[in-house]
């Protein structure tokens with residue numbers, strides 16, 4: 001069994017197919033139980049019980065929710081002009097969310113009976129760019145869903161989501177530029193390898209990490225940046241006219257996107273699967289770090305109030321963008337001097 005270095009080599013195609021199948025099912029289970037864990041944690045924060053009726057301690061609540069969504073009668077707006085786009089919008093969002101996670105490395109690779117098993121589904125030299133590109137495409141699902149719903153509330157939610165994603169995607173990209181300069185690689189596996197036997201990048205890139213954390217929450221559309229779904233103003237936002245599993249696909253996309261951003265944060269700033277001891281248990285360390293970051297997402301939702309829309313735009317363009325730019329320029333300066 002190998003440890004963490006060097007970069008993973010090629011693996012047989014059917015092993016990659018098995019990895020993809022396993023990762024998709026793990027992500028689906030993670031989405032299901034993240035809804036339960038979030039409701040439980042929010043209940044503790046607010047001094048109340050979370051779900052506790054379906055099974056012991058509410059453990060089978062996600063399966064009850066799934067049965068409810070599957071059995072719920074799907075409706076759609078009258079006089080729908082683009083039924084194909086209406087049905088395709090949630091599918092596009094969910095598909096892109098799963099694709100983005102395919103380049104996330106969770107282990108250094110292993111050799112089993114002469115077969116190479118990489119710690120990720122796909123290893124490409126520009127995996128960081130691939131994630132941002134796929135994330136940009138996934139925003140089209142939100143825009144399409146709001147536009148074709150023939151509802152002013154859904155359209156306003158979609159426009160808010162589009163403006164928010166464009167505003168914070170720039171800061172999100174610039175915030176990781178310092179890590180790329182220090183690691184001299186756009187490969188996520190290479191970035192993790194560059195943190196081997198050295199300090200994790202969260203310390204030298206603390207400013208970039210702070211910008212990434214804030215921009216990442218806004219990119220996912222979670223509280224306190226959940227203005228596209230502000231129920232007091234927009235009913236339910238861009239997915240107001242969706243029900244049943246069509247609405248469920250949007251929820252899957254949101255939670256898987258949150259898991260992907262959290263995994264990307266762990267990979268870039270916290271050494272990925274690396275840990276000072278017991279390197280062979282890399283996936284375990286990766287999951288533990290990921291769980292801590294996901295808990296912080298829930299913590300932020302329970303603690304921080306929703307921003308006004310002008311505050312959202314000011315934070316993105318007047319604070320995060322200049323700070324991330326200065327951090328990238330300063331990092332480049334020190335890297336050249338070194």
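Every number here is computed from the coordinates shown, using simple stated rules; none is lab data. Fair warning: this is a prediction, and the values are worked out from it, not measured in the lab. As a convention, Cβ positions derive from the backbone with ideal geometry for all residues, glycine included, and neighbour counts pool all protein chains shown.
So the values come out like this:
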{"read-out": "Computed [θ] at 222 nm, deg cm²/dmol, the chain (DSSP H ≥ 4; -39,500 (n - 2.57); rounded to nearest 500)", "value": "-21000 deg cm²/dmol"}
{"read-out": "Rg and Dmax of region 16-81, Cα atoms only, in Å", "value": "16.3, 46"}
{"read-out": "Computed Rg/Rh of region 1-117, alpha carbon atoms with Kirkwood Rh", "value": "1.11"}
{"read-out": "Label-point gap, in nm, between residue 59 and residue 319 - each point 7 angstrom along Cα→Cβ", "value": "4.2 nm"}
{"read-out": "Helix 244-269 vs. the chain, principal-axis angle (Cα, 0 to 90°, nearest 10)", "value": "20 degrees"}
{"read-out": "Helix 83-101 axis, angle to the chain major axis (alpha carbon atoms, nearest 10°)", "value": "20 degrees"}
{"read-out": "Fewest-first sequence of 242, 86, 309 by Cβ atoms within 10 Å of each Cβ", "value": "309, 86, 242"}
{"read-out": "Whole-Å distance, taken between Cα centres, linking region 215-247 and region 259-334", "value": "21 Å"}
{"read-out": "Between 0 and 90°, nearest 10: helix 321-337 axis offset from the chain longest Cα axis", "value": "10 degrees"}
{"read-out": "For region 94-160, average projected area of the Cα convex hull in nm²", "value": "5.8 nm²"}
{"read-out": "Pairs of alpha carbons in the chain whose separation is greater than 31 Å (percent)", "value": "35 percent"}
{"read-out": "Mean shadow area of region 195-312 over all directions, Cα convex hull, nm²", "value": "8.8 nm²"}
